[in-house]
1. Over the chain, what portion of Cα pair distances is larger than 21 Å, expressed as a whole percent?
2. Please give the charge dipole size of the chain, origin at the Cα centre, charges +1 on K and R Cβ atoms and -1 on D and E Cβ atoms. Round to the nearest 20 debye.
3. List the trypsin sites (Lys or Arg not before Pro) within region 24-64 that fall in a DSSP loop (any state other than H, G, I, E or B) and whose Cβ has at most 16 other Cβ atoms within 10 Å.
4. Enumerate the helices in the chain for which the Kyte-Doolittle hydropathy averages -0.5 or more and the C-alpha atoms extend at least 24 Å along the helix's axis, using complete DSSP H runs.
5. From the residues GLY38, GLY53, ILE20, which one has its Cα farthest along the dipole of the chain in the positive direction, the dipole being from +1 and -1 charges on Cβ of Lys/Arg and Asp/Glu about the Cα centre?
Amino acid sequence: MASTQTQSDRLNRLKNASVITTAIDATVEIAKGRRKTGLLLLGAAALSSRVPGVGTAASVLLRIYRRLR
């Protein structure tokens with residue numbers, strides 16, 4: 001039973017870390033003057049609290065888009 005709770009704690013921490021890093025990416029984008037992408041990432045961070053991985057996926061896709069552009 002302790003193992004299940006430990007796994008749950010790890011998943012919650014990982015989920016929270018994803019939300020926080022996406023929110024930090026959004027803040028950096030807004031500070032650089034990229035308001036639209038910053039708001040997009042901020043929305044992705046909010047959605048990521050419900051759907052794990054959305055914020056990370058949005059961040060990675062934006063980076064790929066910028067490299068290919």
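Every read-out reported here was derived from the displayed coordinates using simple, explicitly stated rules and does not represent laboratory data. Please read all numbers here as calculations on a predicted model, not as lab measurements. Cβ sites come from the backbone with ideal geometry, for glycine too, and all protein chains shown count toward neighbours.
1. Distances greater than 21 Å cover 30 percent of the Cα pairs.
2. Around 380 debye, computed over the chain.
3. Those that pass, being in a loop and sparsely packed, are LYS32, ARG34, ARG50.
4. Those that pass (Cα extent of 24 Å or more, hydropathy at least -0.5) are 2-31.
5. Of GLY38, GLY53, ILE20, it is GLY38.
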